[in-house]
Structures are given as C-alpha cells and as structure tokens.
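Here is the structure we will look at, set down as structure tokens.
The values are calculated or read from the model by the stated rules, or taken from the named source; none is laboratory data. In this text the structure is predicted, and so the values were computed from the model without any measurement. All Cβ positions, even for glycine, are placed from backbone atoms using ideal geometry, and neighbour counts span all protein chains on display. Just so you know, the surface numbers come from the protein's heavy atoms only, side chains and all, with ligands and any DNA or RNA stripped out. Shrake-Rupley method; radii C 1.70, N 1.55, O 1.52, S 1.80 Å.
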There are 2 protein chains.
Amino acid sequence: MSQKPILYTSLSPALLHLYDVKDTVVVVIDVFRATSTIASALYNGAKYIIPVDAVPKAVEISAEVGGIAAGERDGKLADGLSHGNSPLEYTKDFIEDKILVLTTTNGTRLLHMALVNGADDIVTGSFPNLTSVCNYLTKQNKNVILACAGWKDRFNIEDTLFAGAVIHRVKEHFTIHCDSSFMAENIYTQHKENLPQFAENLTHYHRLVNRFGYIDDIEFCLTEDVADVLPLYKDEKLVKG
Amino acid sequence: MSQKPILYTSLSPALLHLYDVKDTVVVVIDVFRATSTIASALYNGAKYIIPVDAVPKAVEISAEVGGIAAGERDGKLADGLSHGNSPLEYTKDFIEDKILVLTTTNGTRLLHMALVNGADDIVTGSFPNLTSVCNYLTKQNKNVILACAGWKDRFNIEDTLFAGAVIHRVKEHFTIHCDSSFMAENIYTQHKENLPQFAENLTHYHRLVNRFGYIDDIEFCLTEDVADVLPLYKDEKLVKG
C-alpha cells in the first residue's frame, strides 16, 4: 500500500516556520505580480531570471551578467532600473535569450527561506503557469508546501486562490489535512468562474488598479495557462524546468 | 464628518505583530473550546476566571484563591486538575459564585500578547456569546482587532468563521480593508446555515470528535448566543462585562 505524500499550505512567510520544509517541494506563490512575471518572461524565452531582494543588487548584478534590471517600488520604476514588474512587458520580441534580474521583496525572501530550510525543489507558481506546476507536483511523489508570499507578511487572497487552484487539481494525489488548504480550495471553487470580478474586492487590487492603473496586469495574472512553463529555482537562478 | 474606526483580523498569534494593537479593542477567539468555555462559565455565574498557560500554575493559583483548577492536555484531564475544558461542564449548579482557574495554551498566550502590546480593552469571543461581542464593539467607537488563536500558531477555520460572523454583523460601523477580514466574512456567509456539517471537514473537528468524542462540545461551540455574556479581561481575570 503506497502512502500519499502530504501537502500543506502556508498562508504567509511568517507562518512558513510551522512546516517542515526539508526534503519537500516548495511552490512560491506571489500572484500579483512577481511569479506571474517570472512565468511570462521564461515562457517567452528568457535565458534565466535572477531574483534579488534589493534595487542596488539588481543594478549591480545586471551589469555583471549583461542582463535587464527590472523592478518597481510603489508602482513606479525604481531608480537605476530599466524595466518594471509587469508580466506584459516581457514579450518574446523583447526578452528572448536575455537574462532578467528581477527585484521582488516578498517573493525573493520566500525563495531564500525555502532554500536555507532545505527544500528539495523550489518552483514558482501563478495562474499563467498553473498546469505546469500541477503536473510537476503530481510527478514528484514528494511532500509539498504551497507557500503564499502575501503582502509584507499579511495574508492575501490572490495567493490563497492560486493555492486553492492547485489543490483542486492535485488533491487526489496527496494527503491533505490542513485547514489552510481546505479554506484555499473552498474559496477557489466558490469563485473560480468569476475570478476577475471577485478580485475587485481585494486589497491588492485596489492598490494595483485604483492607484496605479494595472488592470491589464491583473487580468493576465488571473488567466490560467497563458504562460505555461515551470520555473525551477537552481543556483540562485530561475530556469525553465 | 465622522471617521469610522478600523477593523482587522489576525489569522494567527504569529501574525498579530503585523497589527498595531495599541489603543484598540482586541477580541481573543479560540472557538474550540477555550473562549466558548469562558462564555459558558461566566454566563452560568462564575465569579471570575483566571486564565493561565500552564498546569502547575493552575494548581498553585486555584489553591491560593480557593478556585476550581481546570484544563486538559491531549483530550484528558491534566494531572492535578479537577475539571476539563468542556463548556458543558460549567453548568449554573456547579459553577455559580465560584472562581475558575482555566489552563489554555493558545488563548492565554493571546490575552497576554494583547495586554503587553497596549490594547485598550480585551474581550473573548465565541459563537455562544456572539451578540454581546458585536454590541460591545459597535458601542466602543475604537479600532478593533479580531485575534484568532489558531492551533499552535497554525491557521484554523473555526476561529476565522467566528471572526467572519462578527464582521457580518458589525461591518457597517467599521472601515475594513483587509483580505483576512474579507475572506473570513466570505467563508462565514457561505456556510452559516450549516456550520455543524461544514465543521466536519476541519482539522480540529477530527481531533476533538474522532479522537476524543466531544461531539456535544462542538455543537455548543457552534451555537450562537447560548451563553451570551461579555468576558472582559481586567487585572489578569476574565469578568462579566
């Protein structure tokens, strides 16, 4: 009799320490917009992506590797960077065969947390690459932690919705005994037919759309499989798996 | 033009530091079963309740004050204590005019966290005293934090459901811009007509019912206003407000 591997959902980086990350597959989730942008750039042919946590580091590393330094602070291009955080900026014409050095705060921190805590494999997940993530998880036969990036350690709904979408598709392959996962699937199945309308209620939507006007970004970030690739984190780089 | 006070929901004690507790009303929520038992004992006439975090402290303090030392560990009466954590044990016949010294782990820790962080008022909430909590919050005209105790810092659904029940009733009186609160109300309104059936899916239900047989406790803990009293935390005691 084979035992199914276990799946947990961590709703915030501040809760990740409650789960045994060692030897698991960790899926880093930052739906608006880091992991959606990562999927978009790799799908459109970026050589690889170096995620970094600070703007000066992005400037320095991009100069070293001849890459594109990208990132925003408060919805604007950060000083010294040439491109933003929008998944729509990274078209094939622009990004193919290039190296992207992307500053993200919540997402990069989670990637490093997963790494130092001994995760076996680290991937990034978003609606644009949902199917690739699910296929990967079901093939590994390892324990999984769906790690939501949240917003400055606060819970957010969009990352939880994506965790729910994954659970909805892979749950037959896992033992799931975790209220966070149950809630995530519940809220996803309740709203999956109208994600864009439901998203209008979210804190992050208000910030991105009402303050900065990124309505097209939101739509991309909530569309399943439009950049269906598996970003694998290896040697501090995200590569196409 | 009057500004409405702000309401936040903290989904776990490990997330409470993200909110400014100072000068707020904090509602400590531990639905299965600490805050339900507190409501039950005070409603049935207990003089007051001293919540403590450890069994030896409960034994010591109850001897000092001539109180009843109560608490469980792993579903059984803890050594040296005479009563358990069930709200059904604290009938009027038994508890009236007595002092209850109750060991709770998650709940007591949260009460102390709220206190040391400068909360103005601290109350405990559960379905059995839902209306009292809501009436109190709407009268105070202060910012509110609904603080879920969770389970060993992990998110749990039952505490979140209660936060959602409060939000559902008081939201017109508050500014609420917080995904945790939005999710809580969403999951509550979705399941409010069938809470006992919905609860069968929860981690904590499995523990309490399947392992320890506390089905009657669960039913009591999910019934609104059956012990409708306001437990106020003052000078390390919970008193009827």
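Here are some notes:
- For the stretch B:71-101, the candidate set comprises residues that are modelled with pLDDT of 95 or more and hydrophobic (A, V, I, L, M, F, W, C); within that set, the residue that is farthest from B:Y214 (Cα to Cα) is B:I99.
- Subset of the stretch B:30-47 [assigned to a helix (DSSP H, G or I), more than 21 Å from B:V144 (Cα to Cα) and either free of Cβ contacts under 8 Å to residues at least 24 places away in the same chain or open to solvent by 10 Å² or more (accessible area, probe 1.4 Å) (or both)]: B:Y43
- Checklist (1) closer than 30 Å to B:K57 by Cβ; (2) aliphatic (A, V, I, L, M); (3) at pLDDT below 95 applied to B:I145, failing item: (3)
- Total residues in the stretch B:1-29, condition buried (at least 23 other Cβ atoms within 10 Å of the Cβ), assigned to a loop (DSSP other than H, G, I, E, B) and within 14 Å of chain A (Cβ to nearest Cβ): 2
- Note on the stretch A:134-241: no enclosed strands (runs of 3 or more DSSP E) hold 1 or more residues that are open to solvent by 30 Å² or more (accessible area, probe 1.4 Å), at negative phi and within 14 Å of chain B (Cβ to nearest Cβ).
- Identity of the residue in the stretch A:62-120, closer than 27 Å to A:L146 by Cα and part of a strand (DSSP E or B), that ends up most open to solvent (accessible area, probe 1.4 Å): A:R73
- Any hit, the stretch B:51-58, residues being closer than 21 Å to B:A69 by Cβ, more than 14 Å from every other protein chain (Cβ to nearest Cβ) and in a loop (DSSP other than H, G, I, E, B): yes
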